[in-house]
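The values are calculated or read from the model by the stated rules, or taken from the named source; none is laboratory data. On a predicted model such as this, the values are computed, not experimentally measured, just so you know. Neighbour counts are summed over all protein chains in view; Cβ atoms, including those assigned to glycine, are modelled from backbone coordinates with ideal geometry.
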Amino acid sequence: MNHPRTLRVGSDQTISVVCVVGSELNVNLNRSAPPSSRFFSVKCTFNVQYSISPSPLHSTHLSPIPLNGNSVLLIRMNRASDHENDSKLSVRYYGENREVLGRAVLHLTAVEISLDVDADRDGVVENNNPNKGSWQWGPNGHGAILLVNCDSEFMHKKRPDREQEEVTKVSDLKDMSVMVLRTRGPAKLPEGYKLTLHISQGDAESVRVFRPRTSETDNKRPKNLFYKYFVKDYPLVLSSEVLSQEVPYLGEAAEMNLYVEGLRFPDKDFNGLIHINLSLLEPISRGLPETPIFTDTVVFKVAPWIMTPNTLRPVEVFVCSTSDNYRFLKSMKNLVAQSGYKLKICHEYLNRGDRWMQDELEFGYIDSPHHRFPVVLDSPRDGDLQDFPYDELLGPDFGYVTRLAHRQDVSSLDSFGNLEVSPPVTVNGKHYPLGRIIIGVAFPTATRGRNMTEVVQDFLWAQKVQEPIALFSDWLYVGHVDEFMTFVPAPDRKGFRLLLASPDAGYKLFRGLRHDGHGQAKLFEGLTHEKPVTVDEILNDEGLLAENNYVQSCIDWNRDVLKRELGLDDEDIIDLPILFKLVVEDEKRTIEYRAVAYYPDMVNMIVLGKNLGIPKPFGPKVNGRCVLEAEMCFLMQGLGLNCTFIDDFASYHKLLGEVHCGSNVRRESFDFRWWNLEM
């Protein structure tokens, strides 16, 4: 990189100048020449290069060169000095008759200085990459990447590392990005010169920089186990309170690793880009501030938080144990064990009766060329499970992030059953290799209604790599998108299917039963405290039909949005036979009619590879088999998926939730690296 610098030179003056290799000193000769000067000449030692602009005509270095108002001397040095002032350049000024009017002498010291990062994203900090000062997306892009240091190396402290005042454990360094200060030159800088690292006030809330100690006294500390694992040898260089600080010039050929820590994720007021500067300061006069004569700048992009879709391999399943969900829990244990994954149970002393594991949190991860780890996003719903993500999940290489909202702004739509993500899709030629986030909101033309709180929406949009889609979910009593949709893996087409709840499919199935003489087959048969309902009774209930026509119109509106925004065809969608009913809600003294599932909502399932855990619908039986279960198995078997039906009727369905609401899955990360996105 070329770093031009204007240099003031007087006649009959000898000055010492530090020149940074790769930079250029520009001397306006006319401005520094004695009065009546008409010509000049330049001489230098072998390791100094110079040129003159504009280039003189018909002149050699042996003869004086005509001086004009635009004559500029351009000085460069291509290698570092071995000693201070070991190079020299002189300028002589001549009058009309070639008499010498004055002479300026420069004693030059060349140093190599660079601030380096992994700008080509290969995990190695290369030397002076020309693209280190900018960011560009894509497989041929460039720019260094920074992780938010949101895990916690100390389990007992329970504070994210970014909130710790110092680096207290060596393992914490792997969460940071390495930035290398490289120098070459004399053993020390000329007197008064210094190196400083600095950041802007705007970046100060988003980053911290640490460095190792370098003094001989500090380096003589005993390297016992305390200093191997619990260290105090990484003083803070830059932070919100320290915008600029001198760093040591190590002299000769030396490198110093600096450790850069992200403090916040991209958000509405932060695009994720951070600039860090290294400047060489020159003394002017005693008592006056130094002035910068060279600045090197690097750019980091803070890694976004990334959600994982159902099509990625599960790692661990989370459920709650409550006083009344024994049967549900037993079925989940069997399903998870058969699927070959780990199960973590949140017991009642932790969940305090809050069984809605899906609603409290969402699993994702952050990624960089040098490190990646899972990060849980804690919802602002703050039920009795509110402490679980922080107290039980936050730890070494397991991060935590949340968004705080005003309590009056939080609604049911802020629970994370209302936050999903699609598998990778291509839409009108634009590829989304990390899928697209899906949230539920009020109807776009509604003057009132519930919405996901603004701070959460702003956070999701700011991550950029999974561009969100807003669906209409406020028509539901609970208001979550997982009540009418989910994704399952598929061996063909786009690699997945979108499953949608469909009252039309439900009525078609029940009409077929009546046509075949099974109108008296009963739903809910055998359930305690639940009155059985025949197929004929459902089909003869005109009010229920009208309610489901309304529900179908809401789902169809979302279906069209999903087809458009995910690039889906009708062949990519499977309709599941699910009926709803409307219930009255007195919302702020205003009567609202919103929908709940009539029988257990089969779309609200857990997806564990090829195994599906589906709410047992307790539908009408023909020849001893539930026709709703049979239809579900038929629809899934073509995709090679296995259906396990889980009884959640009393412990979840009657409380307006199902299997998916009561469980959560941490999944493996994408193979695709987010910085390779074409934006």
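Brief remarks on what is shown
- Of all residues making up the range 55-84, the number that are part of a loop (DSSP other than H, G, I, E, B) and under 30 Å from residue 112 (Cβ atoms): 11
- Picking from residues in the range 423-451 that are of a type in the set (Gly, Ala, Ser) and in contact with a strand residue (DSSP E or B) (Cβ under 6 Å, 6 or more places away or on another chain), the one that is nearest to residue 357 (Cα to Cα) is 440.
- Which listed residue, of 114, 152, 134, is crowded, with 19+ Cβ neighbours inside 10 Å and in a loop (DSSP other than H, G, I, E, B): 152
- Looking only at the range 490-532, and only at residues there that are part of a strand (DSSP E or B) and of a type in the set (A, V, I, L, M, F, W, C), the one that is farthest from the chain's Cα centre (by Cα): 523
- Condition met for residue 561 (modelled with pLDDT of 95 or more, part of a helix (DSSP H, G or I), within 30 Å of residue 312 (Cα to Cα) and not acidic (Asp, Glu)): yes
- Among residues of the range 511-524 that are under 20 Å from residue 580 (Cα atoms), those with a Cβ under 6 angstrom from a residue that is part of a loop (DSSP other than H, G, I, E, B) and among the acidic types (Asp, Glu), sequence gap 6+ or separate chain, pair up as 524/530.
- Screening the range 569-679 for strands (runs of 3 or more DSSP E) wholly inside it with 1 or more residues that are of a type in the set (Lys, Arg) and more than 17 Å from residue 325 (Cβ to Cβ) returns the ranges 580-587, 590-597, 663-667.
- Any hit, the range 376-390, residues being modelled with pLDDT of 95 or more, out of contact with any Leu (no Cβ under 9 Å at 6 or more places or on another chain) and closer than 28 Å to residue 121 by Cα: no
- Among the residues making up the range 319-328, a single one is within 34 Å of the chain's Cα centre (by Cα) and surrounded by fewer than 19 Cβ atoms within 10 Å (Cβ to Cβ): 321.
- Test: residue in the range 353-361 that is touching a Lys or Arg at 6+ places or on another chain (Cβ under 8 Å) and in contact (Cβ under 8 Å) with a residue 12 or more places away in the chain: yes
- Per the conditions (1) under 27 Å from residue 197 (Cα atoms); (2) free of Cβ contacts under 8 Å to residues at least 60 places away in the same chain; (3) of a type in the set (Gly, Ala, Ser), the sole criterion not satisfied by residue 95 is (1).
- Being buried (at least 19 other Cβ atoms within 10 Å of the Cβ) and acidic (Asp, Glu) holds for only one residue in 537, 530, 547, 542, and it is 547.
- Set side by side, the residues 575, 570, 648 differ, and just one is of a type in the set (Asp, Glu) and surrounded by fewer than 17 Cβ atoms within 10 Å (Cβ to Cβ), which is 570.
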